[in-house]
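First up is the structure itself, then whatever we jot down about it.
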């Protein structure tokens, strides 16, 4: 798109008409690249696992196609976990996620760890931000602490590892995230930050 700034209604209308998944940063919007089979399988694995686990915490999992509204920006996280209270039948945007997950691609890796990370960590309801590689067994987890503005960082690179989300009362085995996934060398980026 050009350098013109667009309203959110123009943005949502463009996305609906074009059929293209987009994000909007400060009134400018950008088309997201098509995702790989591994990307989609990982998103489905996480969503399906959370569906079974979240019944205990009164939350719902959303995968793609619903926007996250954060500080005049509209993002398209791969996974969002929201409290049951925010759920409505007309919901197209979410403002108060408790968990966000991004499956990193060669196109999104820098923004997932840079601009989006900074925006996401300012969301007061957010407890966890999870970055998942589709090229190797690697899950990175940012967890909110009791001290305002401070987050812990953990990485998990073994299938037998278990990610503990104590603030939400559930665990997520790394093996569940990568169930049925085959990593292909030709898909792996030459250099990944």
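The values are calculated or read from the model by the stated rules, or taken from the named source; none is laboratory data. A quick note: this is a predicted structure, and the numbers were derived from the prediction, not measured. For neighbour counting, all protein chains shown are included, and Cβ atoms are generated from backbone atoms with ideal geometry for every residue, glycine included.
Among residues of segment 34-53 that are closer than 11 Å to residue 176 by Cβ, those with a beta-carbon under 7 Å from a residue that is at pLDDT 90 or above and assigned to a helix (DSSP H, G or I) at least six positions away or on a different chain give the pairs 42/177; 45/176; 45/177; 46/177; 49/176. Scan segment 153-163 and tell me whether some residue there is out of contact with any helix residue (DSSP H, G or I) (no Cβ under 8 Å at 6 or more places or on another chain) and either surrounded by 15 or more Cβ atoms within 10 Å (Cβ to Cβ) or without any contact (Cβ under 8 Å) to a residue 12 or more places away in the chain (or both). Taking every residue of segment 153-163 in turn, none turns out to be out of contact with any helix residue (DSSP H, G or I) (no Cβ under 8 Å at 6 or more places or on another chain) and either surrounded by 15 or more Cβ atoms within 10 Å (Cβ to Cβ) or without any contact (Cβ under 8 Å) to a residue 12 or more places away in the chain (or both). Going by what's in this entry, would residue 172 be described as in contact (Cβ under 8 Å) with a residue 12 or more places away in the chain and either in a loop (DSSP other than H, G, I, E, B) or under 13 Å from the mean Cα position of the chain (by Cα) (or both)? No: the conditions fail for residue 172.
Among the residues here, residue 90 qualifies as modelled with pLDDT under 90, assigned to a loop (DSSP other than H, G, I, E, B) and under 25 Å from residue 7 (Cβ atoms).
Scanning segment 19-49 for residues that are in contact with a strand residue (DSSP E or B) (Cβ under 8 Å, 6 or more places away or on another chain) and at pLDDT below 85 gives 20, 21, 22, 23, 24, 25, 26, 29, 30, 31, 32, 35.
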